[in-house]
Amino acid sequence: MNEKHSFFAELKRRNVYKVAVAYAVVAWLLIQIATQVFPFFEIPNWAVRLVVLLLIIGFPVALVLAWAFEITPEGIKRTEEVDLGETVGEPALQLGDRVGGRHRSLRTAAALRRMPSCPGRVNGVRSYRR
């Protein structure tokens, strides 16, 4: 159990989780752009498949690179050569910042929900009044 826990702690220390999430978000965005824009420019359908395939193949490569290398103020270094305090990263958010951000997003969602729909439309369908 301790060995498994240390493995996941090492994944977190090496920012592999952050890279995986960032890669997944960017890959999803690129796939959405490709599926929407390529037909407009009459790019063949196999090009969209190629984009998806390259992104799928690139995912494990990105994870291996995240495991092996670390970004420091002096540049990119192998992880074994880096001290724990030397990595470049975002400062940890304070608890108040996290709670405040959630509170703002909940307020925004509630405000959007209360907005009236477009006049003259019912459930997105144009309604004519006589």
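Below is a table of values for the structure above.
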item	result
The range 28-55 - residue that is in contact (Cβ under 8 Å) with a residue 12 or more places away in the chain and within 15 Å of the chain's Cα centre (by Cα) and, of those, nearest to residue 15 (Cα to Cα)	55
Per-region count, the range 58-75, residues surrounded by 11 or more Cβ atoms within 10 Å (Cβ to Cβ) and in a strand (DSSP E or B)	4
Which listed residue is out of contact with any Cys (no Cβ under 7 Å at 6 or more places or on another chain) and either exposed (fewer than 12 other Cβ atoms within 10 Å of the Cβ) or modelled with pLDDT under 90 (or both), from 50, 30, 55, 95	95
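The values are calculated or read from the model by the stated rules, or taken from the named source; none is laboratory data. Remember, it's a predicted structure, so these values are computed and weren't measured experimentally. Positions of Cβ are generated from backbone atoms using ideal geometry, with glycine treated the same way; all protein chains shown enter the neighbour counts.
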